[in-house]
1. When you look at the Cβ of every residue in A:317-329, what mean number of other chain Cβ atoms sits within 10 Å?
2. Long-range amide H contacts for A:H91: which residues qualify at under 5 Å (H placed 1.01 Å from N, peptide plane, sequence gap of 5 or more or a different chain)?
3. Which of the aspartates and glutamates could a cross-linker span from B:K210 if the Cα-Cα distance has to be under 13 Å and same-chain partners fewer than 8 positions apart are dropped?
4. Accessible area per residue, 1.4 Å probe, Å², for the range A:1-153: what's the number?
5. Can you sort B:H178, A:H270 by 1.4 Å-probe accessible area, starting with the largest?
6. Per-residue Cβ counts within 10 Å, from other chains only, averaged over A:345-352: what number is that?
7. Taking H placed 1.01 Å from N in the peptide plane, check which residues at least 5 places from A:N302 or on another chain put their amide H under 5 Å from its amide H.
8. Tell me the relative contact order for chain A as a rounded percent, counting alpha carbon contacts under 8 Å between residues six or more apart.
Amino acid sequence: MGQIAAGRPVAPMLGRLVGLFETMATPHGVDRYTELIAPTVTANELRARVTDVHREVADSVTLQLRPTRQWRGFRAGQFVRVGVVVDGVRHTRCFSPCGSEHADDGRLELTVKAHPSGLVSRELLERAEPGLMVDLEQAAGEFHLPRPRPRDIVLISGGSGITPVLAMLRTLVDERHEGRVAFLHYVSRPDDLVHAGELRRLGKALGVTVAVGCTGTPGAGDVDGHFTAEHLAQAAPWVRGAQSYLCGPARMMTAVREVYDGMGIGGNLHTEAFEAAPAAPPADDDVRGTVTFSASGVDAANTGDVLLEQAEAAGLSPEYGCRMGICFSCTAVRRSGCTRNALTGKADAEPDQPIQLCINRPVGDVDIAV
Amino acid sequence: MFALLGPLGRTITRREPARRDDDARPGAVVLSREDVEEIGRELDALRAETVADLGAADRKYIYDVIKVQRGMEVAGRAAMYVPFLPPVWLAGVGALSLSKILDNMEIGHNVMHGQYDWMRERGLNSREFEWDTVCPADQWRHSHNYMHHTFTNIVGKDRDIGYGILRMDPDQRWYPHHLGNPLFAAMLMVLFEWGVMLHDLEIENVVQGKRGWADIKPLAVGWWRKAGRQVLKDYAVFPALTGPFFVTTLVGNGAANLVRNLWTFSIIFCGHFPTGVASFSEEETADESRGEWYVRQMLGSANIAGSPLFHVLSGNLSHQIEHHLFPDLPAHRYPQLAPRVEDICSRYGLPYNTGGFLRQIGSVWGKIFRFALPNALVGRPGVPTVVIERSSGAA
């Protein structure tokens, strides 16, 4: 802790000054002091303040965020991890910014659709207000528009998969892209359509075609029913020479993939699956699945024992102490999967969380960084 | 059946299967195996109830404490610029002392126990947190979180019993150098943060040649890094930043570290060494059940009665009994849990060792003086005996 973020060139004088502040603040780091004055004044940590909250349709909320100065921007299509406190606990979720790369004020726009059981999305829908501080990580992900831009571009999305491709569309319009752009988006009912006004506006840009399909409401959209080759031919008759970007629910992605493969242009289709919400913990503790100790490259069948014992049985020797959940020596990061705490009985499936190996049992497939 | 657990005046008694009233020691409290397991269940339930209730209020609490601590620190550092007004300078030393006490006890000690890991904040994570003392957090987590909290008051295993230099228990063998017990204790108190830093060194094992440079080197690297930064901060950078007041700032910072040392030593020694606290042998505690572990934690710890402010300034280690039962529950919950733990103790006839600060610290120093001498001269202190009937086959 307390190190200057790597890779950021700082002027030597400023660097020395920050170094002095770090020495003065040791062992806690400068941010642990400055955040008490203003949470946005941080030397190292990237955060963001919510500046605007807009609730356009039921179950969705659009947030404008102003990141702190460490923010390095994003490429349209990428995602960010956002940390939000719910009932005292910080939960981290991935969202794709839906604004243009060139948003002139450097702000970040997120549209969050609340799932009935979504802890973070419901919290944001019900309680986000301007002034809310969230944790932020730099943008990541390979799903983004390449540079230089392809000439002709087809964007296809379904449901909340709209966010990365809307970012692409807005970016292209801001760039006064000279090629042709088609945007095909599917919702089940007209009321579910977010950014409707924005889509109408973008649809009027030169060379841009916007078509919305309402799968559950015949006759309501620009195209009827679920995605078909005809929709594609109608919106982008020039698709063979274009690069296509797709994000949506699994079933829709499969349908689009089949059409592209059938046309022999599967290589031009770039996809991003929905960031799946953490799976609800299984009701029972079936002993099944595979435990992956990813730092050692070892896989083992789940025996139902606590993770420390399973790691040792697999020939690994992670650090441990009390073996009864009190000393935290064996804490390691659960990269993915669900584990159940043997003391509290509580199951948890949030990715990238530190857990105590000696009192947690895997429930199904689990990946531990040991 | 194998009987066990006699606090201090220990009797390890091998007995025939016995009824509860058929005790080897008149006046001893006898816990059946079922009693012990029931105590374990009650404490597990108390723990689960608290875990389920953790939330926004606990988050606010720890951040409020951090704000006060940071504020005290900044105020204390600022006051060092006006040494020509002695009351201000003194208040600065006081504020800096309080800042270090809060940092080490209610924040550092508790965060590093994992009490706030559930919040998933990087700044309050037990694996990443560092505190404002010369002891590196990772070494402390080994000597304290693991060794002391797992093997609490087991003579020969819990190195907190005397820290390798003091004789605090009649079952520790007496050597002539123990005549220096009071002197060594006073030195440990004054230099406590350095003593804590050297804890993982196991000094007596180095002296006896059981540990060599290969064992010590990784520890020494950690000391150099951590203590070096602490020394640089308190004894070079901040004094230099006050320019002409270098010396008074140096003295002020040193005084704050000293106050913190005296206080933390006193609170911590009150946790396990007042009269009436039990110690245990390795044989007695082999293959403990969870219930037996709980009972050992209760018999091996002692509380200090006091005001809410006193509890905060002691990092709630004034609730040492509750802390040893639930080391990873946020410490500010211990005052709520204490009456329920005390109720369990009274229902099973177990001692619940508590008393005012002066009484507890007085009895600690009494022991420090007493055990400077061999048992033959001072005898063994008489304390109530608790006997746990263990499962057959344990012997």
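1. 6
2. Residues meeting the criterion, in which the H sits 1.01 Å from N, are A:V84, A:V85, A:V86.
3. Partners found: B:E202.
4. For the range A:1-153, the per-residue accessible area is 48 Å².
5. From most exposed to least exposed: A:H270, B:H178.
6. 1
7. Under 5 Å from the amide H of A:N302 lie the amide H atoms of A:G289, A:T290, A:V291, each far enough along the sequence or on another chain.
8. Reported as a whole number, the value is 11 percent.
The values are calculated or read from the model by the stated rules, or taken from the named source; none is laboratory data. Keep in mind the model is a prediction, meaning the values are calculated, not measured. Note: ideal-geometry Cβ built from the backbone for every residue, glycine included; neighbour counts use all protein chains shown. Ligands, DNA and RNA are excluded from the accessible area calculation, which covers all protein heavy atoms including side chains. Shrake-Rupley method; radii C 1.70, N 1.55, O 1.52, S 1.80 Å.
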